[in-house]
1. Of a type outside the set (K, R), more than 30 Å from F393 (Cα to Cα) and within 37 Å of the chain's Cα centre (by Cα), is that true of L240?
2. What single numbered condition from (1) free of Cβ contacts under 8 Å to residues at least 24 places away in the same chain; (2) surrounded by 15 or more Cβ atoms within 10 Å (Cβ to Cβ) fails to hold for A218?
3. So which residues in region 158-178 are open to solvent by less than 60 Å² (accessible area, probe 1.4 Å) and assigned to a strand (DSSP E or B)?
4. Residues that are in contact with a Gly (Cβ under 8 Å, 6 or more places away or on another chain) and at pLDDT below 75, at least 2 per element: which strands (runs of 3 or more DSSP E) completely within region 541-624 meet that?
5. Can you name every residue in region 223-233 that is crowded, with 20+ Cβ neighbours inside 10 Å, out of contact with any Pro (no Cβ under 7 Å at 6 or more places or on another chain) and of a type outside the set (A, V, I, L, M)?
6. Any residue at all in region 95-111 that is part of a strand (DSSP E or B), more than 20 Å from T178 (Cβ to Cβ), modelled with pLDDT of 95 or more and among the aliphatic types (A, V, I, L, M)?
7. Filter region 72-87 down to the residues that are open to solvent by less than 70 Å² (accessible area, probe 1.4 Å), assigned to a loop (DSSP other than H, G, I, E, B) and touching a strand residue (DSSP E or B) at 6+ places or on another chain (Cβ under 6 Å) and list them by number.
8. Please specify each residue of region 370-397 satisfying the condition of being assigned to a strand (DSSP E or B) and in contact (Cβ under 8 Å) with a residue 60 or more places away in the chain.
Amino acid sequence: MRHTIQSFRIVALFAASCSLSEAAISGVQLLGATNVQAAIGFEAPPEVSCRLEVSENPNYDPLINDVNPSLFTGADLDNRTGNVVDSGKRIFVAGSRSVNQALDQKWYSRALQTDTLHYFRIKCGNDTATGSFRTANIPVGTTYPWPFPQDPANGNFRWPSTDNANRNQTIIDPNYGTLIRRISVPGDAPDDAFLAKPFANAGGASWTNPQGGLKDDAQSASYGGTGKDWLTLTDPGIGLTPFYEEVQSVSAVKLNVKGSGGAVEVCLTIDGVSCRGEIRTVVLDTPDSTKTVGAATAVDTWGDALWTYDVSSRLNKQFGVMIRPAKAGTPVSIQFATIDVTLSDQAAMPEAGFYKTCSPQKSNGGYHCSYPGPGHKPNNIFWIQPDTGEVRFLGSVVAGGWGGATALCFSNEALWDPTDPNIYYCVGTTADGKQALLKGTYSGNDNAPAPGSAVNMSWVNLTPAPYTLETLLKNFSPEFDPTKFGCNIIQLTTHHAVLKCLLAGQDSAGWIAAFDLGNRQPLGSGGTGSIVAAQKTYASPQSRWCGLHSLEPITGIDWIGWNAQFLRDSNGNLMYNTTLASSIPAANGRYTIQVSGEPAPVLTDALAGDVFSIPGAPSNDTLRI
């Protein structure tokens, strides 16, 4: 008889190590394992029903989601869908590429974790057999991704439910079996707070004058119904840019409500219709009483996850609160209400994604990694254990005590030393506006500090005056003009800090330079660092009139790649123009045209081989000198 095993291909036959209490269970075999599934074969008396437990722990606690009957009814039974039962012979397929809704109404991945040791225990009546297997690693050579799991009921994409405030939550990628854990959580790096924000819109069935609850004046919103109808107050006018909406989350929400009449129930809403999270109760006992609900702890989002795009009035004017009598038919009055919303920075990937975020060396078994916050906010440092996924927040990178202004080390301009996991580099600015290369030495022993703390680093300036980066570069190449080009550290290779010096922002004319870190001590105090290479990007015959877009590391060697772009100014406009002084002949071939002079503003003279673009309709003409 042939049997088809759903979503599984038997690739090998191995004997698994088993401990049998009696002979009722026999022939236990691992039939094969992929990165997300395993097939276990065994025999038992036909009249006996069997169960299978699978766990990543030898004590079988917790069970993997796929065979956990507390999540999915009958998930551990040998006759569940996808298994094979042929008289006394059985094949149990553990794991699947799917996401299903469990008894607790949350969604869970049913896949096994890739390249992970699993323990299994078969129970048939009073008999037990145990064994273990390791899932395969993710196969190489896959040229296309698996599609997102879908809900078979309606075809919607599904992903496991996330607990956004729980850094210890583990999720198994349903397609590939990789372990996913959250790095940052609300409360790590408290940031912006929008306090006492009034609402713009009000409404509610059975409420008289709902608009009266928008201002602290003589008017109020009054409930006169027989039920428990909601007064809805929305649009507190919290304005956020799209950038902030992507890299910040809500860490706490507090409602301030003034009114009378007794107990009322309140909740948050993001659609102006239904509650988001918990419904809470507060007693309004006098007309002048103002009561506060929520934000009892540093992280309080009323039992649900809120992100900045949930609360932003730019995207969602329906964010707000709903208020109703706690007891049906109770007359209550709402004089005024405001809301406090506190945000936290969340870890984000550096722009373009090719900057190294983590130290290549381990510290206490984990890696130090830095991720940028929103805008020009400092990076946040985390310790990440690669085997278990454990994460600890170590603090925000704020460089002080080095002899200059406090530096917010952000984005790509703050990088780890390639050889020491406790050394971090950042760009600071001296009192006279010069760039300084700062070295931070971490000494926190990877213990998590209090939320909102600065990372435990001591700082020293490696390039103090008169050894500033611009001065060193000017001494190395007299053609460099430090009054026009501002420099930043953009990448670290094994021994060098690579500098990008721009005239007017990204895509403008620039210089690339390499600073040899030497012995990593301050210049003038025994330090041996020096500029060892420098070149303007518009000097090469292949890149004349090209702007410096980005620098990209080439891993493992002391090389750097750079990406050229059309020259632009700080506003993104094309630069360096000249004006035609005479008409261009309407003909092909070689001819002379007159222009007003060299391209302006002054950068370099035009030479034979340069290409010019001449605006026209229906398209531009291109000419080479």
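The values are calculated or read from the model by the stated rules, or taken from the named source; none is laboratory data. Since this is a predicted model, take the numbers as computed values, not measurements. Cβ atoms come from the backbone with ideal geometry, glycine included; neighbour counts cover every protein chain shown. With ligands, DNA and RNA removed, areas are computed over all heavy atoms of the protein, side chains included. Shrake-Rupley method; radii C 1.70, N 1.55, O 1.52, S 1.80 Å.
1. no
2. With respect to (1) free of Cβ contacts under 8 Å to residues at least 24 places away in the same chain; (2) surrounded by 15 or more Cβ atoms within 10 Å (Cβ to Cβ), A218 is out only on (2).
3. Those that are open to solvent by less than 60 Å² (accessible area, probe 1.4 Å) and assigned to a strand (DSSP E or B): I171, I172.
4. The qualifying strands (runs of 3 or more DSSP E) are 546-554.
5. W230, T232
6. Within region 95-111, not a single residue is part of a strand (DSSP E or B), more than 20 Å from T178 (Cβ to Cβ), modelled with pLDDT of 95 or more and among the aliphatic types (A, V, I, L, M).
7. Taking region 72-87 as the starting set, the residues that turn out to be open to solvent by less than 70 Å² (accessible area, probe 1.4 Å) are 72, 74-78, 80, 82-84, 86.
Then keep just the ones that are assigned to a loop (DSSP other than H, G, I, E, B); that gives 72, 74-76, 78, 80, 82-83.
D76, D78, G82, N83, listed by residue number.
8. The answer is Y371, N380, I381, F382, W383, I384, V391, F393, L394, G395, S396.
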